[in-house]
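A quick write-up on the structure given underneath.
The values are calculated or read from the model by the stated rules, or taken from the named source; none is laboratory data. Predicted model only: the values in this text are computed from it and were never measured. Cβ placement follows ideal geometry from the backbone for every residue including glycine, while neighbour counts extend to all protein chains displayed. Just so you know, the surface numbers come from the protein's heavy atoms only, side chains and all, with ligands and any DNA or RNA stripped out. Shrake-Rupley method; radii C 1.70, N 1.55, O 1.52, S 1.80 Å.
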Amino acid sequence: ELNNLRIEKTEVFERLAERFSLSTGLKEELLADFDSNLGTLAQPYSGVFELLAACKQQSLKTGIVTNGRDKFQRSKIAGLGISPFIDSVVTSGGFGVKKPHHSIFLECLRQLSVSPEEAAFIGDDFEADMKPANALGMQPIWKSSDVSTAVAFSSDTIQEIQDFLFP
């Protein structure tokens with residue numbers, strides 16, 4: 001339950017330590033193990049490799065904007081096996097600001113040398129991803145079965161998103 005809350009993983013482990021009377025050493029060891037090993041268990045959505053390959057075939061730059069501790073998020077990205085396809089990764093832990101703050105999106109765009117109007121942003125969180133992408137002038141694409149007039153396209157499947165981007 002704690003892991004599904006939108007709180008820092010350090011807070012998750014603090015709460016677990018309190019709940020189960022774990023020593024500080026054990027709590028830190030469990031958090032370090034979590035950081036080191038979760039990335040190896042990460043599984044990409046079906047179609048992610050094909051979508052990223054299609055982006056590269058079109059000579060498009062790709063970036064990731066993600067909330068979380070830098071080392072942890074980069075471990076997940078590496079574990080997914082998508083690093084060769086990604087040109088920029090901006091984590092809230094590394095940048096110091098979380099989504100939905102516009103500055104974290106703008107930093108990724110700066111690193112990619114892309115203006116917001118030239119960018120599409122695919123995300124699964126309406127508040128943290130779609131609202132700022134829309135406000136900044138990017139083409140917001142929502143990975144969701146829900147529909148909204150505030151996004152350019154929405155679908156719960158990566159293949160349909162790829163078909164939208166590359167008709």
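Here are a few things to note about the model shown:
- Derived scalar couplings between HN and Hα for the stretch 47-63 equal x, 4, 4, 5, 5, 5, 5, 5, 4, 5, 4, 8, 6, 8, 7, 10, x Hz in order, rounded to whole Hz, by the Karplus curve 6.51 cos²θ - 1.76 cosθ + 1.60 (θ = phi - 60°), x for Gly and Pro.
- Calculated mean residue ellipticity at 222 nm for the chain: -14000 deg cm²/dmol, from DSSP H runs with n ≥ 4 weighted as -39500 (n - 2.57), summed, divided by the residue count and rounded to 500.
- Sorted from greatest to least, the principal axis extents spanned by the alpha carbons of the chain come out as 55, 31, 28 Å.
- Computed from the Cβ-Cβ distance with R0 of 45 Å, the FRET efficiency linking residue 159 to residue 23 stands at 0.40.
- Global form of the stretch 3-73, assessed from the alpha-carbon gyration tensor, a/c cut-off 1.5: prolate
- 1.4 Å probe accessible area per residue over the chain, in Å²: 58
- Using C-alpha pairs below 8 Å separated by at least 6 residues, the relative contact order for the chain is 15 percent.
- Alpha carbon convex hull of the stretch 115-162, projected area averaged over orientations, nm²: 2.9
- Compared with the rule-of-thumb size 2.2 N^0.38 Å for a compact globular protein, the stretch 69-116 has a Cα radius of gyration ratio of 1.16.
- Share of carbon and sulfur in the accessible heavy-atom surface of the chain [1.4 Å probe, %]: 51
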